[in-house]
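Before any comments, here is the structure.
The values are calculated or read from the model by the stated rules, or taken from the named source; none is laboratory data. Note that the coordinates shown come from a computational prediction; the quantities given were computed from them, not determined experimentally. Methodologically, a virtual Cβ is constructed for each residue, glycine included, from the backbone with ideal geometry; neighbour enumeration extends over all protein chains shown.
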Amino acid sequence: MKTTLVRQDSYFDSVFLMLLGRELKRLPGMADASAVMATGANLDLLGAMGWATEDLAAGPDDLVIALDGADAAALERALEVAQKLLARKRVPAGAPAALAAAAAATPGANLAVISLPAEYAVREARKALELGLHVLLFTDKVALSDEIALKALSREKGLLMMGPDCGTAIINGKPLCFANAVSRGPVGVVGASGTGIQEVTCLVDRFRSGISQAIGTGARDLKSAGVGGSTTLMAIEALARDDDTNVIAVVSKPPARDLAARVVEALELAGKPAVVHFIGLEPEPPRPGSVVRFAGNLEETAAMAVALAEGRPYRPRVFTLPPEEIEAILERETRGILPAQRFLRGYYTGGTLADEAWILLHQRTGAVHALNQTDPAFVLADPRVSVGHTVVDLGDDRFTASRPHPMIDPGTRTERILAELTDPGIAVVLMDLVLGYGSHGDPAGALAPALAAMKQAARRRGGYLPVLASITGTPRDFQNLAGQQAALEAAGCVVLPSNHQAAMLAALVLDRLQDQGGAL
Amino acid sequence: MSMDVAPILRLFRQDLSVLNLGLAGFAESLLANGAEAVQLAWKPPAGGDPAMLEALDRIGAGADGANRRAAGIILEGRPVLVGLGTALDVVPGMTPATILHAGPPIAWERMGEPLRAAVSAGLNREGLCGEVRFEPCHRHQAVAPAAGVITAGTPVWIVADAVRGHRAFCAVDAEPGLARVLDLALRARGPVDLKELLAQALRMGDEGRERNRAAASLFIRALAPAMVRLDQPRDLLAGALAFLDASDGFFLNLSMAACKCILDPARTVAGSTVVVAMACNGTDFGIQVAGLGDRWFTAPAAEGPSDAAITEAAGLGAFCLSTGRMRQITAAEDPVWGIPAGIDLRKVVETGILPAIGTGLKPPGSCFREALAAFADLPAEKGQ
């Protein structure tokens, strides 16, 4: 039986509501549950799912909880739990409701972090800029024209406009949104991608250096000619003049035409040693007399930046471990793989990490399916089903429409693994584990049972399944890096020091299987 | 591209202080890292109403300058009580056959019982029958308290703005003889600065609408020395003092006139979204907005006829009892009274916070929404 509960004048953020809906659905006797703001679109959706919404007295700033339970007692219980969870979430009374009031009440305020639904986020970002606040706009799916207008306003005001679709930044040593606890130091990072910045900043920390500022630009900043790299170019200019920044690192997907050249030109003008990594592009050789170096992957970006900061030559290498140890791992992890096991499966939560992996593996095998594959033949036809070699980014829009990002709710990934562990073709599994603020408190703990089940399933088929992973994190991240690594290793996982190394090891596993006449 | 990045370099040297709108976890991480972070109690602006959001966007920051000017005029106002007079003699546009009533304009047919009773009493008093003109007090620089009307013979307090000379009037609930004594005492003493007197009264616990004990006492203290020296019969002087002492309520009329006096000059500021009047005729509650001229925006009323909400429009009354919330819908801060002032129509619609207008009373939100829609539809040169 179905029922609804309306809470007037109660706004809650979407992540909280998704988690609330999931909690309620899990209660005994509940068939379905959903908690949404009563916008027209959401009410239509509930109506289509069979709830009576026509006579509901609720508007966009009212909360609707829709429940479907076995009997009245189950619904009653769910309502009670809902009330309890909602009570805990209440914003303290007297908190300012509007930006202008909040800014007036907080004279030192200098940055607005905005993660509201897209239909509201642009107005608030514009107001923040008009109030003289720098902005981090986490919200994605903002219209391109709005992004262009916001960035024009930010240029006019000389303010930093990070995003839209900016998931990570570190300003003055403080982590914003999904960011890690990294040391402060001489490396300034400008990045168009969240997990790309996370990986680079964590590795800079691992290489015993630190970050002055890490500025997120939003995914479209360099990709769209209309946006024209506005934030990237401002960030480079600011880092050029920042006394605490000695090296500038820029990480982005391949820019729109001419923009790559403008970024390099801006770095030349900045005059500080710089590293550029355009994900998926072959690194250019250094130009004579230029301060700009090109890196081939995220780890190399960090390593080059630290070498430049310390004024020592950069020595390229793939693996941290000596070759004989890598060989021993390969030997151990490929022994027992059956001839039928031929395919790589990458289950990622970090978008850029997934890109780095599929691009590298596709270069080597020519046959990796992914959601944003550039070769149409290898675009994953059904995002929910892996075929052949597949690297899937479970944080893609297609998975996060109605549930939180897998870095917050690991369920998306574990469910996918559990659904696919019966596939006898799986030869090697590759994963990321992203720690830091914003992420789940114990992602390894949440993942370990699925890993164990997967390995167990392969064993039952008489085979063996190597699982390779890397952890994006630092020892000061609240999830406890060492503990997370130990949990993965206890589940039989090989943990590499970077995503690039994990993907390279996966490539070597595939090479080895091919040599043995197995993998394609 | 030459770029000004000085504000960014300043940010790098400051302590990070974040206003967080949306996912609360982001503020929590910052607090855990020793940064300052304020989680806003954000709600969809204008209740998520797309038409209102569109109107707000169209107006944008365009009204900011005009609102600063309007609020400046309101704050500069120095209302002083200069005397008393008879409505016909002093109220602009008053005629023997005019009856001024509280609230927005209304015809006899739509008047509720309390207003009809007050109008009938006024007709009797003036011996009027036949052709009568009903007009809102507000159109005549006047205000009337609960169920009050102003007729030609009604004694009125006269408040003048010492800065701009603008005058405002409010009915006096006293016999004409008493009113004359009060007028003589005032003229003997000289004008009473109501802004300053109200400032003191607010510090002593008044709010200028329902609580006027301090203001009434201060007023008696200001007037009594001059009054007892008047060459008038003792009974009349005693009667006048007894009138002032009988109830603190007489001061509400003065407070209303003072508020009317400081709000009216803001009506001349084109392009401003500052609310210059809130009033009720018992049938309709209505508001007026600086940039929208003489137009009223009305909705069915929940209370009796009275112009007393003019006090809240100026920041007094229930308004100054919840300064935290009201500060979110105002354009300025009154340094003399120490309260937020200058209700900004845009902020009312955007936040959904309605001006407090008395114990447990809220004005109908629809008049603010209608006024905003009308403002957004103004030709650009007027709306900017």
Discussion item. So for region B:319-339 (the condition being surrounded by fewer than 22 Cβ atoms within 10 Å (Cβ to Cβ), aliphatic (A, V, I, L, M), within 17 Å of residue B:103 (Cβ to Cβ) and in contact with a helix residue (DSSP H, G or I) (Cβ under 8 Å, 6 or more places away or on another chain)), does at least one residue qualify?
Written reply: no
Item to complete: Can you confirm whether region A:32-45 contains a residue that is in the same structural domain as residue A:73 (by TED's automatic domain parsing), at pLDDT 90 or above and either farther than 22 Å from residue A:115 by Cβ or assigned to a helix (DSSP H, G or I) (or both)?
Response: yes
Worksheet entry | One residue from A:205, A:243, A:221 being surrounded by 24 or more Cβ atoms within 10 Å (Cβ to Cβ) and assigned to a loop (DSSP other than H, G, I, E, B) | A:221
Worksheet item: residue A:179 versus (1) in a loop (DSSP other than H, G, I, E, B); (2) more than 11 Å from chain B (Cβ to nearest Cβ): which is the lone unmet condition?
Response: (2)
Item to complete: Quickly run through region A:271-292 and pick out the residues that are among the small types (Gly, Ala, Ser) and part of a loop (DSSP other than H, G, I, E, B).
Response: A:271, A:280, A:289, A:290
Worksheet item: Taking region A:125-173 on its own, how many of its residues are touching a helix residue (DSSP H, G or I) at 6+ places or on another chain (Cβ under 7 Å), closer than 21 Å to residue A:194 by Cβ and surrounded by fewer than 21 Cβ atoms within 10 Å (Cβ to Cβ)?
Response: 4
Practice prompt. Among residues belonging to region B:1-39 that are assigned to a strand (DSSP E or B) and facing chain A (nearest Cβ under 7 Å), point out the one that is nearest to residue A:13 (Cα to Cα).
Written response: B:21
Item to complete: Within region A:100-114, track down each residue that is more than 7 Å from chain B (Cβ to nearest Cβ) and more than 23 Å from residue B:60 (Cβ to Cβ).
Response: A:107
Discussion item. Against the definition (in a helix (DSSP H, G or I), touching a Lys or Arg at 6+ places or on another chain (Cβ under 7 Å) and either within 24 Å of residue B:352 (Cα to Cα) or not assigned by TED's automatic domain parsing to the domain that holds residue A:16 (or both)), how does residue A:147 come out, yes or no?
Written reply: yes
Worksheet item: When only residues in region B:40-50 that are over 28 Å from the mean Cα position of the chain (by Cα) and assigned to a helix (DSSP H, G or I) count, which is surrounded by the most Cβ atoms within 10 Å (Cβ to Cβ)?
Response: B:48
Worksheet item: What do you reckon, is residue B:35 modelled with pLDDT under 95, farther than 30 Å from residue B:194 by Cα and aliphatic (A, V, I, L, M)?
Response: yes
Practice prompt. Under 6 Å between Cβ atoms, at least 6 apart or on separate chains: pull out the pairs that start in region B:174-192 with a residue that is part of a helix (DSSP H, G or I) and end on any residue that is of a type in the set (Val, Ile, Thr).
Written response: B:179/B:172
Worksheet item: residue A:414: within 22 Å of residue A:342 (Cα to Cα), among the polar types (S, T, N, Q) and without any contact (Cβ under 8 Å) to a residue 40 or more places away in the chain, yes or no?
Response: yes
Worksheet item: Exactly one of (1) in a helix (DSSP H, G or I); (2) modelled with pLDDT under 85; (3) within 14 Å of chain B (Cβ to nearest Cβ) is unmet by residue A:93. Its number?
Response: (1)
Worksheet, complete the sentence: Turns out the helices (runs of 4 or more DSSP H) fully within region B:213-268 with at least 3 residues that are surrounded by fewer than 22 Cβ atoms within 10 Å (Cβ to Cβ) are B:213-228, B:234-246
Practice prompt. Test residue A:196 against the stated conditions and say whether it is part of a strand (DSSP E or B) and either without any contact (Cβ under 8 Å) to a residue 12 or more places away in the chain or small (Gly, Ala, Ser) (or both).
Written response: no
Worksheet entry | Unmet criterion (only one of (1) at the interface with chain A (Cβ under 7 Å from one of its Cβ atoms); (2) crowded, with 18+ Cβ neighbours inside 10 Å; (3) farther than 17 Å from residue A:99 by Cβ) for residue B:75 | (1)
Worksheet item: Is it the case that region A:403-412 has a residue that's over 25 Å from residue A:45 (Cα atoms) and surrounded by 16 or more Cβ atoms within 10 Å (Cβ to Cβ)?
Response: yes
Worksheet item: Within the set of pairs 6+ apart or on separate chains, which have a first residue in region A:19-42 that is within 14 Å of chain B (Cβ to nearest Cβ), a second that is among the polar types (S, T, N, Q), and C-beta atoms under 7 Å apart?
Response: A:36/A:42
